[in-house]
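Have a look at the structure below, then the notes.
The values are calculated or read from the model by the stated rules, or taken from the named source; none is laboratory data. Model, not experiment: these values are computed from the prediction. Cβ sites come from the backbone with ideal geometry, for glycine too, and all protein chains shown count toward neighbours.
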Amino acid sequence: MPKVYFAADHAGFSLKNALLERVRALGYDAEDLGAFENNPEDDYPDFVTALAERVMREPETRGIIIGGSGQGEAMCANRLRGVRAAVFYGPRRVTAELEIEGDHSEDGFDSVRLPRRHNDANVLSIGARFVSGDEADEAVRLFLETPFSKDPRHARRIAKY
C-alpha cells in the first residue's frame, strides 16, 4: 500500500478530514499536510505545493488534494515534474469513443480509473463543491486500488513529459 498525502484549503477542509480518516481505516499510512484549520483566507497553493513536492520526491506515494473545484489545485500540483494530478468533480458517463475501446464502466467513475490505468496518475484532485461525501469516498478508493496498466503505449507517453 502506498503512503497517501492529503492537502486541502478551506473549501475542501471538512471533506479532507473525513477522507483522511476513511483512508486510514482502510489500512493506509496517510499524512495530513494541511490546512489544519478552516480559514477562509488561506490559499490552496500553500498546501498543494507541499503535497506535490512530497509526491515528486517519493514516487511510490500518492496524493489527494481537495479544493472548491479541484481544477486550480490540479494545475498547481501538475507544475512539478513527475506529478500527474487528475481532477474528479463527480461521476460522469463515458463517451462513445471509450465505449468502442471497451475501457469503461457504467458507474461514472472512469475519470478516476482511466487516469490511473492510462496515465499512472499519482495525485487525485477533488472538487468538494461538486461531489457528495459518498462520491468522494468511492473516487478515493478507486484511485488507491486501481493499478497502472503498464501498457507500453501508455508508459511511452508518460516518459515524454
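Worth pointing out:
- Taking the criterion of being part of a loop (DSSP other than H, G, I, E, B), within 19 Å of residue 75 (Cα to Cα) and within 16 Å of the chain's Cα centre (by Cα), the residues of the range 1-53 that qualify are 9, 33, 34.
- Scanning the range 54-69 for residues that are under 19 Å from residue 118 (Cβ atoms) and not in a strand (DSSP E or B) turns up 55, 59.
- Filter result for the condition that a residue is out of contact with any strand residue (DSSP E or B) (no Cβ under 6 Å at 6 or more places or on another chain), surrounded by 14 or more Cβ atoms within 10 Å (Cβ to Cβ) and at pLDDT 95 or above, over 69, 14: 14
- Selection status of residue 25, modelled with pLDDT of 95 or more and crowded, with 21+ Cβ neighbours inside 10 Å: no
- Per-region count, the range 1-54, residues out of contact with any helix residue (DSSP H, G or I) (no Cβ under 9 Å at 6 or more places or on another chain), over 18 Å from residue 140 (Cα atoms) and aliphatic (A, V, I, L, M): 1
- Pair list, Cβ under 7 Å, 6 or more apart: the range 111-133 residue of a type in the set (Gly, Ala, Ser), other residue modelled with pLDDT under 95: 111/92; 127/89
- Looking only at the range 120-161, and only at residues there that are part of a loop (DSSP other than H, G, I, E, B) and charged (D, E, K, R), the one that is nearest to the chain's Cα centre (by Cα): 120
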